[in-house]
Amino acid sequence: RAHVRKDYMHWMLGSVARAIVANAPCTVQIVRDAIKGGTHTLDSGRRVLLATDGSEFSNEAARALAARPWPKGSEFKIVSVEGPWVIKPSEVQAQKAATRAEGVLSSAGLKATSSVHSGNPKEVILAEAKSWGADLIVVGSHGRRGFKRFLLGSVSEAVAMNAHCSVVVVRGSARPSIKAWK
């Protein structure tokens, strides 16, 4: 009986978090304790993965990341994913997105490495974050609704709900207001 209650509470909290990530008009952070048995202090360096697709939403996420103070020793990795379903090759676009995000972080004095991958963005971002040992993933949100959301899904929501570490879903001036969706 306790197991059933625990599963129900996990499901309820998950559905609340999913609804907030999907609908909040502001930036949302899902906080997870990614370090099991380790010590992580406020001044410990972080491993931060920024996912970008070159959109204004991703650029907003890069600017938000660059504007935050980071502990000494923090490392930054930029991941751009070329979707496999794209009719024309988008590797050049993915590389441009990574380079642009690198420039934003560099202008704030943050050094980052970047990589371009091919595949399902949700899966690639999660796999890269896990294999690199990220403490935090930063993504922008397109705020898709209706059929587009059904068809394309939400990368930011999937990453936020399935990541092994904390996730920041950045929403800024690029996102339309909720009133515009109704």
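The numbers here are math on the coordinates, done by the rules we state, and not lab data. Nothing here was measured: the structure is a model prediction, and the numbers come from that model. Positions of Cβ are backbone-derived with ideal geometry, glycine not excepted, and every protein chain shown enters the neighbour counts.
Structure data summary
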| quantity | calculated |
| --- | --- |
| Calculated P(r) of segment 62-139 - Cα pairs past 13 Å, % | 68 percent |
| Protection proxy ranking of 158-165, 71-78 - average other beta-carbon atoms within 10 Å, highest first | 158-165, 71-78 |
| Spin-label pair GLU91/SER118, simplified geometry with 7 Å Cα→Cβ offset, distance in nm | 0.6 nm |
| Gyration tensor verdict on segment 47-107 (Cα atoms; rounded if a/c is under 1.5, prolate if a/b is larger than b/c, oblate otherwise) | prolate |
| Qualifying aspartates and glutamates (Cα of each under 16 Å from Cα of LYS122; at least 8 residues distant if same chain) | ASP53, GLU82, GLU157 |
| Cut-off under 5 Å, modelled amide H: who pairs with GLU75 long-range | ARG46, ARG47, VAL48 |
| Sites THR99 and ALA127, calculated FRET efficiency, Cβ-Cβ separation with R0 22 Å, nearest 0.05 | 0.50 |
